[in-house]
Ligand code: GLA
């Protein structure tokens, strides 16, 4: 939704104009899945889809929240009473950010907030991170906190981990806060160094499609936590701080040491090979050879499907069908168990690839997928004034 519409709605709801309007995008991840809680590498980029927030600060300790996308009246909370784990609705995300800022010692004394989002929820495109980051950025500006994008991302992750109760890594919040238009973000999740990698596929006659399968499997949260715990156990068994510390050249030795821990071996193999794939994609893009990343994406999907086992029939169908219809590469993106896939294709093959995926879904009696072209877009920013 546009800044003006959000401003008008805010004024209707709260009786005065907002002090500003901010936006933060959703993301897709090009490569580097389930590596961010293993101190590894990721490579997301921001989508044009974004969450917009009109916000004014308050001095009386009241936090009022409203979303154009939730069918609910204005929620009124007291900042002093915010407590982790008590809210199971969408308001936990913005309230969690206020809680995390205050817990870190920042003097946030309330706000009126109206939100509106074009990031599809439940599609694995980081609608939660967009919501957190837009609120964090608005409060950072209004309260003059002076925090940079990386620091805001950390606070947002803390809100999601501790307040909402989801054990996610740092990728999505950093992507939303720090991405730049025309670039993918190469992020080292250990030291949080970032490198913007030019990623202009259309100049090369290529397209990256997002296919939102429209399925969301309900067990995904528990499965995510289980994978994360398994990776931590693997690192402990191997005597390293995180699986990031196992180099690709040391993979066979590490797997041998894990003996008959078959579940853990699979998790370790995925993380170690996935970190190597991120580096290969960075090298190929920097060498000006974007077509060559196709097979690397396909390998990544196979690893997530067979070793990490976070894919699902709808994602596998998307990937197989797109490749059979001529795509150069395809993989699931995000946490898995539903959500979206990314497909790399020649511009001229896009109609055929899209049609093939739609037909395959119809033939399997599945809800029609949502497909769109992913254009690397800018990260969070202030829109008004
Ligand atoms: C979700 C989490 C991220 C990351 C991905 C998997 O999107 O929020 O932190 O772990 O899954 O790569």
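The values are calculated or read from the model by the stated rules, or taken from the named source; none is laboratory data. Note that the coordinates shown come from a computational prediction; the quantities given were computed from them, not determined experimentally. Ideal geometry is used to build each Cβ from the backbone, glycine not excepted, and the neighbour counts take in all protein chains shown.
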**OP:** Any residue in region 150-161 that's under 19 Å from residue 188 (Cβ atoms): show its pairings with residues that are within 13 Å of the ligand (Cβ to nearest atom) and assigned to a helix (DSSP H, G or I) at Cβ separation under 6 Å, as long as the two are six or more apart or on different chains.
**Re:** 153/173; 153/174; 156/132; 156/133; 156/173; 157/173
Original post:
Under the condition of being in contact (Cβ under 8 Å) with a residue 60 or more places away in the chain and in contact with a helix residue (DSSP H, G or I) (Cβ under 7 Å, 6 or more places away or on another chain), which residue from region 305-316 is surrounded by the fewest Cβ atoms within 10 Å (Cβ to Cβ)?
Top reply: 308
Original post:
Among 11, 35, which is the only one that is crowded, with 24+ Cβ neighbours inside 10 Å and on the phi < 0 side of the Ramachandran plot?
Top reply: 35
Original post:
Quick check: is even one residue across region 326-342 surrounded by fewer than 20 Cβ atoms within 10 Å (Cβ to Cβ) and either in contact with a strand residue (DSSP E or B) (Cβ under 6 Å, 6 or more places away or on another chain) or modelled with pLDDT of 95 or more (or both)?
Top reply: yes
Subject >> Scan of region 157-170 for residues that are within 11 Å of the ligand (Cβ to nearest atom) and within 19 Å of residue 105 (Cα to Cα), ordered by number >> reply: 157, 160, 161
Original post:
What strands (runs of 3 or more DSSP E) lie completely within region 116-233 and have 3 or more residues being over 30 Å from residue 365 (Cα atoms)?
Top reply: 183-188, 194-198
Original post:
Which number in (1) in contact with a helix residue (DSSP H, G or I) (Cβ under 9 Å, 6 or more places away or on another chain); (2) touching a residue at least 40 places away in the same chain (Cβ under 8 Å); (3) not in a strand (DSSP E or B) marks the one condition that residue 83 misses?
Top reply: (2)
Original post:
Can you tell which of 101, 30, 82 is buried (at least 24 other Cβ atoms within 10 Å of the Cβ) and either more than 19 Å from the chain's Cα centre (by Cα) or over 22 Å from residue 175 (Cβ atoms) (or both)?
Top reply: 101
**OP:** Return the residue satisfying two criteria in turn: it lies in region 196-225 and is more than 15 Å from the ligand (Cβ to nearest atom) and without any contact (Cβ under 8 Å) to a residue 40 or more places away in the chain, and of such residues it is surrounded by the fewest Cβ atoms within 10 Å (Cβ to Cβ).
**Re:** 218
